[in-house]
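Notes follow once the structure below has been shown.
The values are calculated or read from the model by the stated rules, or taken from the named source; none is laboratory data. Remember, predicted model here, so these are calculated numbers, not experimental data. These accessible areas exclude ligands, DNA and RNA; they are computed on the full protein's heavy atoms, side chains included. Shrake-Rupley method; radii C 1.70, N 1.55, O 1.52, S 1.80 Å.
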Amino acid sequence: MSSMESLAQLEVLCEKLYNSRDSAERAHAESTLKCFSENSDYISQCQYILDNASTPYALMLASTSLVKQVSDRSLSLQLRLDIRNYVMNYLAARGPKLQNFVTISLIQLACRITKFGWFDDDRFREIFKEATDFLALASQDHYLIGLKILNFLVMEMNQ
């Protein structure tokens with residue numbers, strides 16, 4: 001089976017996870033997909049999903065799984081920096097085209113990583129400059145993403 005066929009199957013499962021009215025179907029999808037949020041070996045697959053999926057529900061699965069991974073695991077400093085940089089670049093490149101709920105989840109991910117890495121490395125603190133770079137872009141969508149990053153960062157730090 002090709003990776004695109006696997007991705008298509010994953011997208012169907014994600015659709016069922018987030019939209020099914022059948023609780024058994026939803027529970028099956030949840031149990032099948034929980035590996036993405038519980039096993040750090042799936043972090044690279046989450047990035048693959050973000051890069052290649054066509055449905056917002058698959059993007060949401062990848063994003064929320066990464067939020068759980070960085071919240072529940074003690075990932076290496078370099079991996080956390082890589083995820084953070086990837087997410088910020090992803091938001092800059094694709095943020096305006098994403099569904100709002102996916103954008104919010106990715107911003108939450110960037111802010112959570114920043115919070116947990118704040119005292120580990122000064123590079124995590126660059127989020128302020130990066131958020132203001134969003135504000136400086138010509139696009140109104142980028143401006144809103146920059147404001148949301150700053151807003152979520154304040155909320156995350158206060159929790």
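Observations
- Remark: segment 59-125 carries 44 Å² of accessible area per residue (probe radius 1.4 Å; ligands, DNA and RNA excluded).
- The chain: calculated mean residue ellipticity at 222 nm from DSSP helix runs of at least 4, using -39500 (n - 2.57): -25000 deg cm²/dmol
- Whole-Å distance, taken between Cα centres, linking segment 1-54 and segment 93-146: 24
- Against the compact-protein benchmark of 2.2 N^0.38 Å, the Cα-based radius of gyration of the chain scales to 1.05.
- Restraint check, K97/K148; K68/K97; K68/K148; K16/K148; K16/K115; K34/K115, Cα-Cα greater than 22 Å: K68/K97; K16/K148; K16/K115; K34/K115
- Shown for the chain: the carbon plus sulfur share of the solvent-accessible area, taken with all protein chains present and a 1.4 angstrom probe, equals 52%.
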